[in-house]
Each structure stands twice: as structure tokens, then as C-alpha cells.
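The next block holds one structure in the form of C-alpha cells; read it before the comments.
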Amino acid sequence: MLGYLTARQAGLDDPLRLRRAESTRRVQSLKLNPDRDVDRIHGNGINTIDIEAIEGRYMLSGGADGVVVIYDLENYSGKQQYTCKAVCSIGRSNRHVHKFSVETVQWYPYDTGMFVSSSFDKTMKVWDTETLKPAEVFEFEGNVYNHHLSPIARKHSLIAVGTKNPKIQLCDLKSGSRIHILQGHRAEVLSVRWSPRYEHILASASADSKVKVWDVRRASGSLFTLDQHNGDKSKASSEAVNTAHNGRVNGLCFSGDGLHLLTTGTDDRMRLWNSATGENTLVNYGKVCNESRKRLQFTVSRGCSPEFVFVPCGSSVAVYALHTGELVTMLRGHYNNVDCCEFHPDYQELYSGGKDCNILAWVPVLRAPDVEEEPDSTKKSAAGQPSVNPAFEDAWSSDED
Amino acid sequence: MELSQRDRLSELVEELTTSGRPQLNEDKMKEIKKICKVSNDCIDHVYHTIMSQLNQEHAEIRLSAFQIASELFSRSHHFRTLLVDNFQEFLELTVETDLEQPLPPPKEAAKKLKTLAIQTIQSWQATYGTAYKKVALGYHFLKQVKKVDFQDAEARTVAERRREEERQRKMARIYKERVEAASKDMEESQQEIEAILMEMESCMKLLIPGFELPGIQTSSSSRSPPNPQQASGSPSLDEQPCCSRDLKDDWKEGEMKEKQKERRIQEDTDMVGEKKGKEEKKSEGSEDEEESGEENEEPLDEDCFIRDSGLISHSYSLDLNISQGLHVKETEDNEAVISTVIDLHRLIQTKHLPAVQGWVQVFTKAGADEQLLRKALDLKSSLEAALQKHKELHIDYKTRVRRVMKASADGEDEEDDDDDFDEVPEKEGYEPHIPEHLRAEYGLDPLPSTSTAPVTKKPPAKRPAAPPPPPSSSLPSSSSRRLKRLIEEEQDPTCAAATLRLLRQNLPPPPAEPSSSSGPSSSQSSSDQKAVDTPVVPFGLDLYYWGEEQPNAGKIIKAASQHQFWVHAEVNEEVQNEELLAESRSRYISFPGKFTPVSHHCNAPLGNGKLCPRQDRHKCPFHGPIIPRDQEGKPCREEDRLREQQEERRKREEQPDWRDAELMRDIEAATGEDLGSDRVGKKRGGKKKKYPNLSDLKQNANTARSRLEKKVFNKSAMRRVADVMAKADSRKHEKFSNQFNYSLN
């Protein structure tokens, strides 16, 4: 650490280097922190969460009860202990609340004044954050599994929507209408995702085990379909040709730089693809438990030198190294299946929501005070800690001798 | 950590968890703690062993493991961190958070484990919730998602609680309905009950004036004071003496000699008077009324006289039967009153008292308001008091029963009942029982119980042949009216009385014993006697043509032409059929023989020293063909004996008795040689259980169902059945393979 600092001071290192090293360390030390809580508002499982990209301060969450809540993540109290307060919520008493489970929520990438939510009540609503009223409602024929707004788009403001219908819908925020469909899947589209690198590139994952990559300017068909065997016919049976998984593909995530694409399927596998060529990189992540029949929201870290993937795996969140497939750690804390997780890139924090109605904040453990330099203070703190928290003390009674 | 410690820990944990006891052995637990205190490595090891024991599919093991864990949890921080890290699994294994992983059997232990775990987790949350976030999270998860109510000692889930609430609500509703119905019922029948009570009261008053025992003084009697106007029927006062005379009669007959009678009564009176004021007054009153002619003295004077004259001295030996108390005997005078009393009594006992008891039950169960309950209780107590009172009267029922049957005999003598009986069968011949509402139709007076006026005497049963002698107190007007009506009815041919008269005229007098069998039945009985001698054969053609020559028996017309009717007469020819001819003359009689019960026994010697008691005709299923045996069960014939001996020898060779494991062990112990008893014994004895203290899970599976399953789903049985089915199928296929509807199965 000191080495990094001096190198940074001397200008020997790239400015990014220290930052990367520190964020990597922090990510690796993610833990459930007793100091950080998130208000329990949802009375039912939490399907989706989203942290806005502008300030990194507000978090949206959508629950299976149709409720959408906005949390304030910033701790201005100055104390260590902090409970993320619910700023406002669209509860069951709200007139415009979603009737059924909210499947996806997303902030408008450029402004916190607007967010979009979609639900199993076959609607997608564009909300005004100030008034908490829908500015626009899109209705569909089937359950909406997922929608996505491009985080970088400058030339268009399209929302890609994956519904029960195999056709992907493109809705334009400018006109408030559904302007386009993309045909090619044979079953419901469970997840759609815009590339964070090219604003016209869209990836979609479907229950027909296929993952397609589209250029929305080219309406005739997809650019390519991901193939788990990389076109090797000998390995694939005739049905399994051009499939990304041997089951439903329910998770889709681009890496931070948009060069790679991650998919998860109900065959308990996670695969990493080259998003430019559609080639399977054949990274082995081992078994990633996945029984969800809906979309699985998982995420990758940003700004670390080896990047990490955070993927819900049963009742815990598994952390893998993105390119090696090595399991870094399992974050255990939920008592039921985890459905979504979101990475906070500024503080290297992870938020996860599950069916046990909890949103857990995984916060990096602070670096312990250096033992070598200040032994006195260490002793003091070591002595002080138990006095604060007697629960950490051993309590062997004397009669056991 | 030393290896020995590690081994010792594993051993201790295993011993503790497989003890099967609900509480841990404290010494062993102490030892574990002592070892664990040494280092964190030990705790690691203990943690892993405990978790592996918690994963066992046996609730008792889990319970003990959980108890160890909770002991260590409160002691060691390291253990806490370890356990909290894996808190999800821990909860799944102990609190049953995962529905797909229910707690293993036995059920009691599982229930206990769950309750204990929930209580413990609550206390952990209180102590360590702030320090260990996952404990708090787990607690909230249980509380909010699993809806465990930590206050509820039963640790029921929300579904169970809801079910319970539902049930209670339902019960409350049912109770409410019942209470409403009962209160309505009570409303309705209260009047009736009160009327009945009143009636009873007045009847009793009539029977014994001033009959009011202090012990049975009740609310009913106090509430409904005797009211001569209200007493239904309002019997005339002049009857009272008659009733009380009964009382006296009873005393007379019951115990005393005639000559002592008077004094006795006096003594009685005296004693009672000394004992109980009320009683005294009553008996005096009755005596006063009944024997006004004989005794004119005032009761008090009488007392004085007795005392003064010194009649009661120590030399007297008095045997008094005071417990006799009251005794009411039925006479024709009080017949109506008594029958009313009896009816009322029956009504109370069969209808009102059960009803009132039911209301009381309903009200107490449903917790209805005080007033209703009190009302019902009042009713009940008054009814019971009435019953009690009735009991104390000691009414003679039997006399009454006869009286009902009897015509109108003189009340006093009971010996002439028998000849009164003679008349009864006449009526029985055609109508053994006459319903109440039809009595008038049959020329009978309605029963006094239903009659509105108890004054009318019990009507004598029909007795037209001998007109009833005018009873001493019966009203002549009513009897003459009845007689007249009877005569009228006899004139009317549609009336039952006319039939009766006809019958009486035509038929010989019935036999002495009252039996319903009349002329035809007796003749039948005589023919029955004959039937014993002569065989009965079913009627047949041979009997029909008995002793006749039939001209065209066995002849059939044979139509030579196939045409239906367009045929010459000559073409039809007659053919003699021998069989038919024979049939019309002969008769088949089969002689099946007679069943003779088997009188002999198998008599083969049994293991317990007895002889086989089976009575098979030819062959005993256990001992083969039945052969003559002597008293010890040995065969009498030589060859049988040989055969039996041979068989026995063969059996012994199969399983020599010296190979009995116990015997062999004894011999081995005595001789010190190895005869291989272990081998033999082991072959027979089952596998020894690993943990004898734990309750056996497999034992539970030994139900009727499982035993049947074992038989039915036995592999060989299944194969056999499948073979048979396949064979049947293939046979069908061979036969009907060319038919499409068989091709499908």
C-alpha cells in the first residue's frame, strides 16, 4: 500500500494503478457489515435493484409484491452505523402501483428524475421521480421479464423489452410508442442487455437456450447467435446447435468494458463470451446453482484489475474472477434464494436482494490498523473493542477446569 | 491440537449425540468444554463434528447436537463465528426453514428440537444480535418471512396458528348458534316445564297433603306455591281422604300386626314428632284426617297422654322402620292422580330433564351470559327436586301396571288379577296394541294420562261380556255411557267390536294360556306332527298323472316340412319320445345321506404334552391321516408307529437340538471346547444395533401397510404376477390377434 502511494506520488505509476489495486483489495474483502443496514420495506421477495450512475446515491428496488422503493445509500450522519433509508416508495396504496411482481427497475441513465419499471402485470411504466406518477405506460401482450435502457446511448432512447412473446420489443421514449420488434427467438425472452460499448448493439437471452446479439439498425435479423461449442458440430447434437446453454438462459451481463458477455442458464453453468465475435471463451466457473424461472440479475465489478463477477447462487452470492473462473468467495447472508445483486462502483459495495425480503449491503472490511507501527493503539483498540461489544468475548466458565 | 484430544472430542460428541436422551450428560459436556477451552483448533473440530451430526437423519441426534452447539455458542466466540457463518444451514437443520428438508423422525424429538431451537435463537438474538449480523438477519428472517411467533411457546408456524384461529372462530359460531337455539328452546318450554312442575306439585299435594320435606325444599316449590285453582283438573277435595287412607293401609299391611296398630301409629307419631317437627305435623295431619273417627284427640294432647301415662318406658322394645317413610299405594281412588304423576314423571325424566341438562351444558361450554345459565340451572334444580320428591313417595308401580290391563277390578284384592287376565286375549287376537289416539275408535276410553280431567277414573279395559261391577268410587254415569256405546258399536258391522263379537260366537273358547294361536294354527301344528313321519316330495308331473294312463304322453308332432303353415295335415307325423314318456312317469330321488358329526379326535401328541384336539374326518392338516391312537397319542398299529418314528428321526437330523445356541454355549462353558456356538447363534440372532439408545426409526415402519408392501411388492411376487399377466396377454393375442379391438391391449 505504501509502495503504491509513493509510486503514485513520484509519478512512477499510472494513476489508475493505485485505484485498481485498492478497489481489488476492497472487493476481495467484501463482507456483511453490521454497521450497514437497508430498511426493510418489502413484504415479499426482492426481484431487482438498480443503483443510479450519476451520483451513485440512490438505489431502486422492485419487489414481488409490486412495490418499488427508492433508498438513499449515502451516509451523511458521520457515524459508522447507518441504515439506508427509504426515501420514497410506490406502495400498495399508490394508485399507479404495479399489480403484480415488479421484474425490472432501472434509472434513466442520465437523470435521476426518471426511472422505468416493468412488471408481470404486462406493463412497463416510466415514472417521474418527483411526483411518483407514471409519465408513460407501455402495455404488452405478455408478462414483461426484463427491459433495458442503453447506458451510453446518445443517438437513441430505446428501451429493449423482453416479454413472454418471443419477439423483442423496442420502445422509444421520445415518441412514447413501440417502434420496432426483433424476431428470431422461439421462446420467451428472459433478459435483454445493451452493450456498454456500442450503443446499437443489443444482446438477448431466451428460454429457447439461445443468446442472440443484435444490431438494432439492422432489422432483418440478429448479428449472430452464441454457440456453446463454437460451431464444432461433432460435439453438438442436432438440437443443441447454436445454443448458449442446455437450458433456459436467464441471465445476461456485459463486462464493464463491453468486450465480454456473461450468460447464466438453468444448466447451472455460467459462460463468458467474446462479445465481438460471439466466441465461447470456455472459462470454467464450475457449478453455479440456478433454479430461477425468471430473470437472474447479476453483475460484474468495475475498476478492478482482475474483474470479478457477482452471481447469485442459491442463497448466497458467489464471487468469481471474471477471466480465470476462480471462485473467490461465497457471500453468505441471505436465508432464501438471491435474485439480484448490484455493484456500487464508487465504493466497491455490493447490494443483493433475495426472496427473504432482505436487501443486504456487502461492505469492504476496513483495513485493520497497522500492528507494527502503533502497537499501543492496537492494544487499546483490542481492549476497547470487547468493552463495546461483549458478545465477542469468550465466556468460559471457571467450573469447567 | 493433539491427536488424542481430537479423538476424544469426536468420541464424546458421538456418545452425547447417540445417547437418545433429552438432556445432555453433564460430565461429558464438561469434558468437551474443558478440551475446547484449550485452543481454537479443538473448537473447529467440534464444530465440524457437530455439523455432521446435525446432518444425520435422526431427530434425537440432532437435538443432542443442537444442545452441545448451544452450550458452546454461549461460551466461545470462535464457535459463534463458525456457526454464524453457516447459520442458514444450521437453521435449516434445526428450525426446518426449508420446507423441502423437513425434520427427520421421531416426531416428538423433532418437535422438541424445533421449539428449543426457536427459543434459543431468540435468546441469541437478544444477546448477540447486535454483534453478529447474521444472527439478527436470521432472527428477522424467521420472524418476518417464516412468521415464527417467538412469544408462542408452541413455536407454531403462521399456517398452524391461522388454522387454530379458524377453528376457534368456527367453534364460537357454532356455540353461539347453539346458545341461541337453546335459549329459544328454553323460552318456549319454560312455560311447559313450569306447568308440569306445578301439576306434579299439586298431584303430590293430592296424594299426601302437606307433603313437603325440608330437604327438598326447592326454588320451584317456593316459586310456584301450591295453588288449588292452578292444579290442572282441580280434583275435588273430597278425594283427599281416600288417598291418605292408602297411606294408612300401606302402613297397616306393610309391617304391623292388627292389634298393635293403633299404638304403633301413636308411637310412630311420637317418634317422628320428637325427631322432626315437619314430619310430625304431616303424619299427624294425615292421621288426623284418615282416622278422625277413631281418634279424636289433638295430636299434642296425644303426646302428652303418652308421656303422662308412661307407656313408653325402657321395658318396651320398639322396632320402628322410619326409613320406610312414605309409601303411596295405588288404589282406584287415587289412580288418576298417580297415573298423572307417573306420566309427568316420565315426561320430566325423558324429555325435560335431558333437555335442561343439555342447555346447561351448552351454556357452560359456550360461556353464555350468567342469566341464561342461572335460569337453566334453576329449571334443572327444580326438575330434579320434583323427581326426588317423586322418589320419596315410593309409589307402587307394579300395581298400576296391572291395573292398566285389568278391567275395573276392586281395588283392594290383588289375588283375583289372574281371572281378570282371561279377558285380555280376546282383544289381543286382532289388535295387541291400541295406539292412544285410536282408543276412542276402538270403543276404549282414552288413557287417563292423556285425559284432561284427572277426575275421571282409569277406564277399565273392554269387557263387554261381563259388565263391570260398579266400583265404589267410579262415576256411574261414565261407565253406563261406555256400556251403551259398546252395545251400539256391536250393532255396527264395520266396527271392531262387531267382529269381536262374531269371533267370540263362532270360535271355541281360547285355551287357558294366553296365546295368539287360534284354530287354524293349532290344526297346522297337528299336521306338523304328521309331517315328521311321512316324507314330503315336491309336486311333479308324475304326481299330476298319478294312477292315470296318458294317451299322448311322450308324443310330439314332428313337422317334416320346413314351411311354416302351408303344409298338408298328413305330413305332420307324431313321434314317440321315450324320454318324455319316462319323465312323466318317473321321479328322481337323490339320497345324499345324512350328516354325521365327527366324533373322533386326531389325538396326535402335541409339543405341550396335550393331544391334538382337531376333529377332521380323514386327515389332520398338521398330523396327516387320522389313525387310531392310544391315550398317550401313540399309534396303535405297528406300521403307523414305525412311520412316525422315521419321520421324527428325519426331522431331528435336519435341526439337531444340541445345535441350540444356548445349549452349546453352556456346554462350551462347561467343557472349554469350541463347538461353534457363535456361528450358530449369529446366524439366528439379527444384526446388533449400533446405537441402542436411540429410538429405532425402522421400527416405526413396521405397520400393516409396510408389511403388506413387503409382501405385495416382493420381487418374486411381482415377477410372478407379471409373468401371469404377460401369459394372459399373449394368449389373448394368439386368439384374437386379427381383431382390431384386442390389438390395443
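Values quoted throughout were computed directly from the atomic coordinates according to the rules given, and no laboratory measurement underlies them. Small disclaimer: the values here were computed from a predicted structure and weren't measured. Cβ: placed from backbone, ideal geometry, glycine included. Neighbour counts: every protein chain shown.
Quick one: Cα centre-to-centre distance for segment B:603-629 and segment A:17-89, in angstrom?
Taking the Cα centre of each part, segment B:603-629 and segment A:17-89 sit 91 Å apart.
Sum up the charges of everything whose Cβ sits under 11 Å from the Cβ of B:Lys184, counting Lys and Arg as +1 and Asp and Glu as -1, but leave B:Lys184 out.
Working: positive: B:Arg178; negative: B:Glu177, B:Glu180, B:Asp185, B:Glu187, B:Glu188.
Summing Lys/Arg as +1 and Asp/Glu as -1 gives -4.
Sort out for me the Cα centre separation of segment B:178-204 from segment B:107-137, rounded to whole Å.
With segment B:178-204 and segment B:107-137 each reduced to a Cα centre, they are spaced 60 Å.
Would you please give the residues with an amide H less than 5 Å from that of B:Leu611, counting only those at least 5 places away or on a separate chain, with H modeled from the backbone geometry?
Correct list: B:Leu606.
Going by amide H atoms built from the backbone, whose H comes under 5 Å of the H on A:Trp127, apart from near neighbours?
Here A:Phe115, A:Val116, A:Ser117, A:Ala135 satisfy the definition.
Assuming a ≥ b ≥ c are the square roots of the Cα gyration tensor eigenvalues, decide whether segment A:250-356 counts as rounded (a/c under 1.5), prolate (otherwise, with a/b larger than b/c) or oblate. Show your work: numbers first, answer last.
On the way: a/c = 1.70, a/b = 1.24, b/c = 1.37.
Oblate, since a/c reaches 1.5 and b/c is not below a/b.
Provide the per-residue ³J(HN,Hα) series for segment B:647-652, in order, calculated from phi with Karplus coefficients 6.51, -1.76, 1.60 and θ = phi - 60°, each as a whole number of Hz, with x at glycine and proline positions.
4, 4, 4, 4, 5, 5
Working out 0.36 nm times the residue gap between B:Phe740 and B:Gln5, then minus their Cα-Cα distance, what length gain in nm do you get to one decimal? Walk me through the intermediate numbers first.
Working: separation 735, 0.36 × 735 = 264.60 nm, distance 7.83 nm.
Full extension from B:Phe740 to B:Gln5 adds 256.8 nm.
Using only the alpha-carbon atoms, how far is helix A:15-28 inclined from the longest principal axis of chain A? Give it as 0 to 90 degrees, nearest 10.
That helix lies at roughly 80 degrees to the long axis.
Assuming R0 = 51 Å, can you tell me the calculated FRET efficiency for the pair B:Glu57 and B:Thr534, based on Cβ-Cβ distance, to the nearest 0.05? Could you put the intermediate results ahead of the total?
Values: r = 81 Å, r/R0 = 1.59.
That gives a FRET efficiency of 0.05.
I'd like the FRET efficiency for A:Leu366 and B:Glu709, computed as 1/(1 + (r/R0)^6) with the beta carbon distance as r and R0 of 60 Å, rounded to 0.05.
The pair A:Leu366/B:Glu709 has a calculated efficiency of 0.45.
For B:Thr127 and B:Lys732, calculate 0.36 nm times their separation in residues minus their Cα-Cα distance, and state this gained length in nm to one decimal. Could the numbers behind the result be given before it?
Details: separation 605, 0.36 × 605 = 217.80 nm, distance 7.69 nm.
Result: 210.1 nm gained on full extension.
Starting from the 7 Å offset along Cα-to-Cβ, what nm value, one decimal, do you get for the label separation of A:Ile152 and B:Tyr691?
About 6.0 nm, to one decimal.
Full-extension gain between B:Gln646 and B:Glu165, please, as 0.36 nm times their residue separation minus the C-alpha to C-alpha distance. Intermediate values should be presented prior to the final figure.
On the way: separation 481, 0.36 × 481 = 173.16 nm, distance 7.56 nm.
Stretched fully, the B:Gln646-B:Glu165 segment lengthens by 165.6 nm.
Determine ³J(HN,Hα), in whole Hz, for all residues of segment A:174-184 in sequence, where each value follows from phi through the Karplus function 6.51 cos²θ - 1.76 cosθ + 1.60 and θ = phi - 60°; x replaces Gly and Pro.
5, 9, x, 9, 7, 9, 8, 10, 10, 9, x
Just list whichever of A:Lys99/A:Lys133; A:Lys125/B:Lys143; B:Lys111/B:Lys146; A:Lys122/A:Lys167; A:Lys355/B:Lys133 have alpha carbons separated by over 22 Å in the model shown. If you can, show how the numbers build up before the last one.
On the way: A:Lys99/A:Lys133 15 Å; A:Lys125/B:Lys143 33 Å; B:Lys111/B:Lys146 16 Å; A:Lys122/A:Lys167 15 Å; A:Lys355/B:Lys133 18 Å.
Checking Cα-Cα distances, A:Lys125/B:Lys143 exceed 22 Å.
For an R0 of 25 angstrom, estimate the FRET efficiency from the Cβ-Cβ distance between A:Arg17 and A:Thr324 and round to the nearest 0.05. Mind showing how you got there, number by number?
On the way: r = 20 Å, r/R0 = 0.81.
The value I calculate is 0.80.
List the trypsin sites (Lys or Arg not before Pro) within segment A:83-177 that fall in a DSSP loop (any state other than H, G, I, E or B) and whose Cβ has at most 13 other Cβ atoms within 10 Å. All intermediate terms of the calculation are to be shown ahead of the outcome.
Values: sites: A:Lys85, A:Arg92, A:Arg95, A:Lys99, A:Lys122, A:Lys125, A:Arg154, A:Lys155, A:Lys164, A:Lys167, A:Lys174; in loops: A:Arg92, A:Arg95, A:Lys99, A:Lys122, A:Arg154, A:Lys155, A:Lys164, A:Lys167, A:Lys174.
Answer in residue order: A:Arg92, A:Arg95, A:Lys99, A:Arg154, A:Lys155, A:Lys174.
Which stretch or stretches of segment B:337-367 have amide N atoms under 18 Å from the point lying 7 Å from B:Ala172's Cα along the Cα→Cβ direction?
B:363-367
Return one number: the angle in degrees, 0 to 90 and rounded to the nearest 10, between the long axis of the Cα atoms of helix A:375-388 and the longest principal axis of the Cα atoms of chain A.
70 degrees
State the Cα centre-to-centre distance between segment B:704-719 and segment A:94-143 in whole Å.
Each part's Cα centre sits 60 Å from the other's.
Only sites in a loop by DSSP and with at most 11 other Cβ atoms within 10 Å count here; which chymotrypsin sites (Phe, Trp or Tyr not before Pro) in segment A:1-101 make the cut? Could you put the intermediate results ahead of the total?
On the way: sites: A:Tyr4, A:Tyr58, A:Tyr71, A:Tyr76, A:Tyr82, A:Phe100; in loops: A:Tyr76, A:Phe100.
Passing both the DSSP loop test and the Cβ count: A:Tyr76.
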